[in-house]
Amino acid sequence: MALRVAGADSGKRMPAIYELGPFRLDTEAQVLTHAGAAVPLGARGAAVLTVLVSRANEYVQKSAILDAAWPGLVVEEANLSIQISAIRRALALAPGGEGWIETLARRGYRFVGPVKEIDARSVAPPLANRERTNLQESLTSFVGRERELAEIKERLRTTRLMTLTGIGGLGKTRLAQQVGTEMLNAYRDGVWFVDLAPLGDPALVPSALARVLQVKETAGQPLLTALCNHLSTRETLLILDNCEHVLHGCARMTEALLRDAARVTVMATSREALHLASECAFPLNPLPLPDSRADAKSIARSDAVQLFTERARQHRPRLDLEAQRAQMIAEICVRLDGIPLALELAAARVAMLPIEQILRLLTERFRLLTGADRDLPRHQTLRAMLDWSYDLLDDTEKKLFERLSVFAGGWTLQAASQVCSGAPITKDDVVYVLIRLIEQSLVVAEEDGDRYRMLETVRQYARDRLLESGEEEQWCDRHLAYFLALAEEAQPKLNGAEQRSWLERLERELDNLRSALTWATDADAVSGMRLASACMRFWLVRGYVREGLVWLTAMLSAAPASPTTVHRANALAVAATMARATANFPKATTLYEEALSLSRELGDRHGIAAALGNLGMVCYDQGDYPAAQRLHEEALAIRRELGDRWGIANSLLNLGTTAFDQQDYASARAQLTESLSMQRELVDRLGIIGSLEALAAIDFVAGRVEAGARQCGHAARLREEIGAPFPPWERIRYDRQIASGRALLGNDVVFDQAWQEGRSMTLEQALEYALQEHSADG
């Protein structure tokens, strides 16, 4: 499958607004509207359409479209095919609109529809970016539920906990999102949506909320306590979605939030209530059903009919409700019990089947399931609808549908191609089969067009089918192997210039990482041990330290202790680092000593040096500086024998910090400047940060506060550039250091000016400045 890096957009155009027949394309807001209503086309699709419209009636090469719509990203060309398919479906709302984009085989596309550029000044500006919510703008309109919507909004004025309950497929999530959107201005600190569907462990519920709110855990403080402290003065609405499988974790967290954060309101969606004393349960029913014997006008007023018709018109824009067709649609809605998900799946079939055939096939299906004299329970109605949708798939579509269920929280096209390809689906075929699943509403393309997912009810159904096929182990193993490879690819990059982008990538895949680790616990603990270890930097920087320690502890317990392997020694060291980060120094010491013992058994001198250095850090943390110095010197000696310049620089940094705390400033300066010189040669930005901050502490003590502030200023810039915030256990020490520098100088204005001077330096200027500053004292 073709893969390319999209270039930076060097030829950016001024924002423009185009009229495309009955459509309007706002290139700045990246929104396509039809008759004033937003068309279900994400921002990435709008960007692709913008490129084509701005060069109407000329063929635009694929490379030019990718450069403009995915600037600076590594992109598979198949993503473009998916966007073109989505644009064509959207334009089909206009007569002949599906033909407005022509394809030049293997080269590019041309827009041949009507285009008129209009004066942007005559159009109202787009809504400002809303920084008080993570709710995404829906790609489909909200249909029906006006009574429920009004009642929920009214009740939320007087209750702090409401749970929308009901079977899967009723639209609980969509209704909760609509409530949140309409009530955004009622909560000073916004509305925040937390998707719990991918979680497999109730203990991870606080972590899911912390991830949304960007709250980091700190040493010695439970994450739930940190969340309560963060929210204690905030007025906000939290939407906890899909609580049923982690009910205990949701109830425990919600109870604490309502107790300790007086202005927080929680709205949950679940198949059952949380069973808390203050809870207001709101049972959700299917949409009201039409009378199939009524006239077309009366039928058209039904919420169920309106939902079916609107979704069907995405596939057949000129679908009307003349008398006979209206009655057939009404009968479909009755047959499907007014369950929204079932209606949407049936509506997707309009692209391939006439209404009368959909009704006939549904009637036959349900007659087989129920017999002629009894109704089908609602949860079975949805299952029957999913069965019917599944049975209409061809063999390749069925296979991909089942295999995609191994993903949690969505997937990229690259991941689907790697994990799910295999007879009868080649890697190159995956994108085309995926498009067909999207067109049948079984897969959802997310707004940015680079990620895909299933609704949780659909995913669970697909997973059941995979289990029935007897192939679950094969595809879960493939899923584990893919994310192990991804994590091990990320591992070296999490300490360099690409740290920020790789941390963000792993964050997007956190649910898949958790799913892979859950599978590995019983199926392949050695791979799980490697996966959890490779994520060490991610666990530390992104605030998942305790979770990382739990995974590593589980894998070390499940994996065989013999024969001795480098992987086990490494996992012990990573687990020790997690324990150290939570200030559990006895556990950290025990684990590092085990890692040291295994490394000696293996004759792994790099591992021996690393374990000695880590034990030195634990001694340092507990104030035993002589022991720390001895261990670092022992590690330094091994690393010099090995010629390990990165390791030598790291040991020198640790020795310099230890010497500083023993007030041996001359030794500290010598060791730190030698470390910084090596880090300069290696372009080790993370190491450079540590050395600059340590040398700044020497400057503060020596009374050269402005020089220290310059070094801290540049180190802060580097942290931002590579996405390397302070680990929790180092933040307090650093803040004290800065406070002491400010106090010594006695002038915040001068301190801040020096800080900014350091920030404005290039890396080379900052390194030269620091080395000259300290060589003058040598």
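The values are calculated or read from the model by the stated rules, or taken from the named source; none is laboratory data. Source: prediction; values computed, not measured. Cβ: placed from backbone, ideal geometry, glycine included. Neighbour counts: every protein chain shown. Accessible surface areas use protein heavy atoms only, side chains included; no ligands, DNA or RNA. Shrake-Rupley method; radii C 1.70, N 1.55, O 1.52, S 1.80 Å.
Anything in the stretch 263-278 that is closer than 18 Å to Phe193 by Cα, open to solvent by 30 Å² or more (accessible area, probe 1.4 Å) and at pLDDT 90 or above? List them, or say none.
Result: Arg263, single match.
Working only within the stretch 278-327, note down all residues that are polar (S, T, N, Q) and within 41 Å of the chain's Cα centre (by Cα).
Ser278, Asn285, Ser302, Gln306, Thr309, Gln314
Quick grid of which residues meet (1) modelled with pLDDT under 85; (2) over 21 Å from Leu413 (Cα atoms); (3) part of a loop (DSSP other than H, G, I, E, B):
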{"site": "Leu25", "(1), (2), (3)": "no, yes, no"}
{"site": "Glu28", "(1), (2), (3)": "yes, yes, yes"}
{"site": "Val51", "(1), (2), (3)": "no, yes, no"}
{"site": "Glu58", "(1), (2), (3)": "no, yes, yes"}
{"site": "Ala90", "(1), (2), (3)": "yes, yes, no"}
{"site": "Thr103", "(1), (2), (3)": "no, yes, no"}
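Within the set of pairs 6+ apart or on separate chains, which have a first residue in the stretch 162-176 that is modelled with pLDDT under 90, a second that is open to solvent by 20 Å² or more (accessible area, probe 1.4 Å) and acidic (Asp, Glu), and C-beta atoms under 8 Å apart?
Qualifying pairs under 8 Å: Gly168/Glu456.
Of the residues Thr236, Thr218, which is out of contact with any His (no Cβ under 6 Å at 6 or more places or on another chain) and closer than 19 Å to Gln177 by Cβ?
Only one candidate qualifies: Thr236.
Are any residues in the stretch 539-567 part of a loop (DSSP other than H, G, I, E, B), crowded, with 17+ Cβ neighbours inside 10 Å and among the aliphatic types (A, V, I, L, M), and if so, which ones?
Residue satisfying the conditions is Ala559 alone.
Scan the stretch 756-778 for residues that are open to solvent by less than 50 Å² (accessible area, probe 1.4 Å) and part of a helix (DSSP H, G or I) and jot them down.
The answer is Gly758, Leu763, Ala766, Leu767, Ala770, Leu771, Glu773, His774.
I want to confirm something. Restricting to the stretch 189-219 and keeping residues that are open to solvent by 30 Å² or more (accessible area, probe 1.4 Å) and touching a Pro at 6+ places or on another chain (Cβ under 9 Å), which single residue is modelled with the highest pLDDT?
Among those residues, the one meeting the criterion is Lys216.
Results for (1) on the phi > 0 side of the Ramachandran plot; (2) open to solvent by less than 40 Å² (accessible area, probe 1.4 Å); (3) over 41 Å from the mean Cα position of the chain (by Cα), shown as yes or no for each residue.
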{"residue": "Ala649", "(1), (2), (3)": "no, yes, no"}
{"residue": "Asp661", "(1), (2), (3)": "no, no, no"}
{"residue": "Ala670", "(1), (2), (3)": "no, no, yes"}
{"residue": "Arg680", "(1), (2), (3)": "no, no, no"}
{"residue": "Val683", "(1), (2), (3)": "yes, no, no"}
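For the structure I just gave you, tell me whether Leu247 is farther than 20 Å from Gly171 by Cα, in contact (Cβ under 8 Å) with a residue 24 or more places away in the chain and in a helix (DSSP H, G or I).
Answer is no for this residue.
Please verify whether the stretch 718-726 includes one or more residues that are open to solvent by 10 Å² or more (accessible area, probe 1.4 Å), in contact with a Leu (Cβ under 8 Å, 6 or more places away or on another chain) and aliphatic (A, V, I, L, M).
For the stretch 718-726, residues open to solvent by 10 Å² or more (accessible area, probe 1.4 Å), in contact with a Leu (Cβ under 8 Å, 6 or more places away or on another chain) and aliphatic (A, V, I, L, M): absent.
In the stretch 596-634, which residues are among the small types (Gly, Ala, Ser), surrounded by fewer than 18 Cβ atoms within 10 Å (Cβ to Cβ) and in a helix (DSSP H, G or I)?
Ser597, Ala627
Checking the condition aliphatic (A, V, I, L, M), in contact with a Gly (Cβ under 9 Å, 6 or more places away or on another chain), part of a helix (DSSP H, G or I) and over 21 Å from Lys493 (Cβ atoms), which residue from Ala649, Ala637, Ala670 passes?
Being aliphatic (A, V, I, L, M), in contact with a Gly (Cβ under 9 Å, 6 or more places away or on another chain), part of a helix (DSSP H, G or I) and over 21 Å from Lys493 (Cβ atoms) holds for just one of Ala649, Ala637, Ala670, which is Ala670.
Being over 25 Å from Pro22 (Cα atoms) and open to solvent by less than 20 Å² (accessible area, probe 1.4 Å) is the filter here; which residues of the stretch 50-75 pass it?
Across the stretch 50-75, the qualifying residues are Leu66, Trp70, Val75.
Assuming Ile688 fulfils every condition listed in (1) in contact (Cβ under 8 Å) with a residue 40 or more places away in the chain; (2) closer than 30 Å to Ala558 by Cβ; (3) buried (at least 21 other Cβ atoms within 10 Å of the Cβ); (4) under 34 Å from the mean Cα position of the chain (by Cα) apart from one, which condition is it?
For Ile688, the exception is condition (2).
For the stretch 698-717, what are the residues that are of a type in the set (A, V, I, L, M) and open to solvent by 30 Å² or more (accessible area, probe 1.4 Å)?
Val701, Ala702, listed by residue number.
In the stretch 232-248, which residues are surrounded by fewer than 22 Cβ atoms within 10 Å (Cβ to Cβ) and not polar (S, T, N, Q)?
Matches in the stretch 232-248: Arg234, Glu235, Asp241, Glu244, His245, Leu247, His248.
Which of the numbered conditions does Ser501 fail, given that it passes all the others? Conditions: (1) closer than 24 Å to Glu730 by Cα; (2) surrounded by fewer than 23 Cβ atoms within 10 Å (Cβ to Cβ); (3) hydroxyl-bearing (Ser, Thr, Tyr); (4) modelled with pLDDT of 95 or more.
(4)
Does Leu744 fit the bill of being assigned to a helix (DSSP H, G or I), of a type in the set (A, V, I, L, M, F, W, C) and open to solvent by 70 Å² or more (accessible area, probe 1.4 Å)?
Yes: the conditions hold for Leu744.
Filter the stretch 166-188 down to the residues that are among the charged types (D, E, K, R), surrounded by fewer than 17 Cβ atoms within 10 Å (Cβ to Cβ) and in a helix (DSSP H, G or I) and list them by number.
Residue satisfying the conditions is Glu182 alone.
Please give the number of the condition Glu397 fails out of (1) part of a loop (DSSP other than H, G, I, E, B); (2) modelled with pLDDT of 90 or more.
Glu397 satisfies every listed condition except (1).
Condition check ((1) closer than 22 Å to Leu771 by Cα; (2) at pLDDT below 95) across all residues:
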residue: Ala610; (1), (2): no, no
residue: Glu634; (1), (2): no, no
residue: Ala637; (1), (2): no, no
residue: Leu652; (1), (2): yes, no
residue: Thr673; (1), (2): yes, no
residue: Leu682; (1), (2): yes, yes
residue: Gly687; (1), (2): yes, yes
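Mind listing just one residue for me: the one in the stretch 314-334 that is at pLDDT 85 or above and not small (Gly, Ala, Ser) and, of those, most open to solvent (accessible area, probe 1.4 Å)?
Among residues in the stretch 314-334 that are at pLDDT 85 or above and not small (Gly, Ala, Ser), the one most open to solvent (accessible area, probe 1.4 Å) is Gln327.
Restricting to the stretch 250-262, name every residue that is open to solvent by less than 10 Å² (accessible area, probe 1.4 Å) and either outside any helix (DSSP H, G or I) or at pLDDT below 95 (or both).
Ala261
Going through the stretch 413-465 one residue at a time, which ones are outside any helix (DSSP H, G or I), of a type in the set (Gly, Ala, Ser) and over 18 Å from the mean Cα position of the chain (by Cα)?
Ser421, Gly422, Ala423, Ser441
For the structure I just gave you, tell me whether Trp519 is part of a helix (DSSP H, G or I), touching a Lys or Arg at 6+ places or on another chain (Cβ under 6 Å) and surrounded by fewer than 24 Cβ atoms within 10 Å (Cβ to Cβ).
Taking the combined requirement at face value, the residue does not satisfy it.
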